[in-house]
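Taking it in order: structure first as structure tokens, then the write-up.
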Amino acid sequence: MPGRLVAEAMPDSAMRPALLLAGLVVFAFLIRCYGIGTDPVWIDEAASIAIGTLPWSVLFGEMARIEASPPGYYAIAKVVGLVAGPQGAPLRMVSAAAATFAIVPLWIFCRDTLGNRVAWTAAVIVALHALLFRMSQDGRTYAILFLVFCCAMLAAWRLVEAAQRRQAGLGAVLALGLCQGAMLWLHHTAGIANLALNAFVPAVLLASRQGGIGRGIALLAAADLLGLLVGAAPIWWAL
């Protein structure tokens, strides 16, 4: 009978972190929505909205050639404009959602690497940090870029785990490569983030002394190649 009670209680205890995390995500999103449409559109937001109204052929053609930033965010602005109209508030809502959902992959990454206490500390910081809060109410690319980078960190950790366990790691390679490519679509400084990810994987494998360094580097190289292919797509289109 006691064993049965423990078995029945386990699902509740396992669900508690998920419910707390969901509550934190909802809270973070709600506080970002407060007053999100009150400030007037500023010049960079106006540029994003205007570029997002251009035809797809121009967006990935002439505009991709003359604009310093990659066309990824302008494609998002175009889709948002088609759905909700070319306005600042809908774009800001996308940023608010992106900054909020970044809590989830960051929490998982910190839990798996550094433990629950660090995971909850990081999640609360992301939910309340002033700079991240400001980015989440701005109709620009940075909140989305932060979300993709958090997903990339988690994918890089899964790649490390696959290398240590001598697994194929195809899912981790695919996830990391797509995240790397997506960041290159969003901002030209994403190359710095990708370099950091490339330093992270071998550093962790060397520090853990659990082997798998050769497999890890091979998996990382495959992810890098995929990321470059995805990230270079708008460049080829522009040419």
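Six or more apart or on different chains, Cβ atoms under 6 Å: show the pairs whose first residue is in the range 107-126 and open to solvent by 70 Å² or more (accessible area, probe 1.4 Å) and whose second is assigned to a helix (DSSP H, G or I).
Note: pairs meeting the criteria are Arg111/Ala119.
Ala84 fails exactly one of the following numbered conditions: (1) touching a Pro at 6+ places or on another chain (Cβ under 6 Å); (2) crowded, with 17+ Cβ neighbours inside 10 Å. What is the number of that condition?
(2)
Being within 15 Å of Gly216 (Cα to Cα), open to solvent by less than 30 Å² (accessible area, probe 1.4 Å), among the small types (Gly, Ala, Ser) and out of contact with any Gly (no Cβ under 9 Å at 6 or more places or on another chain) is true for just one of Ala155, Ala172. Which residue is that?
Going through Ala155, Ala172 in turn, the sole match is Ala172.
Which one of the conditions (1) assigned to a helix (DSSP H, G or I); (2) buried (at least 17 other Cβ atoms within 10 Å of the Cβ) does Ile36 fail to meet, given that it meets all the rest?
Only one criterion is unmet by Ile36, namely (1).
Ser48 versus (1) within 28 Å of Val124 (Cα to Cα); (2) open to solvent by less than 30 Å² (accessible area, probe 1.4 Å): which is the lone unmet condition?
(1)
For the range 12-47, name all the residues that are over 23 Å from His129 (Cβ atoms) and touching a helix residue (DSSP H, G or I) at 6+ places or on another chain (Cβ under 6 Å).
Of everything in the range 12-47, just one residue is over 23 Å from His129 (Cβ atoms) and touching a helix residue (DSSP H, G or I) at 6+ places or on another chain (Cβ under 6 Å), namely Val41.
Is there a residue in the range 134-141 that is open to solvent by 20 Å² or more (accessible area, probe 1.4 Å) and under 15 Å from the mean Cα position of the chain (by Cα)?
The answer is yes, given that some residue of the range 134-141 is open to solvent by 20 Å² or more (accessible area, probe 1.4 Å) and under 15 Å from the mean Cα position of the chain (by Cα).
The values are calculated or read from the model by the stated rules, or taken from the named source; none is laboratory data. Given the structure is predicted, the values throughout are model-derived calculations rather than measurements. Methodologically, a virtual Cβ is constructed for each residue, glycine included, from the backbone with ideal geometry; neighbour enumeration extends over all protein chains shown. All accessible areas refer to the heavy atoms of the entire protein, side chains included, with ligands and DNA or RNA removed. Shrake-Rupley method; radii C 1.70, N 1.55, O 1.52, S 1.80 Å.
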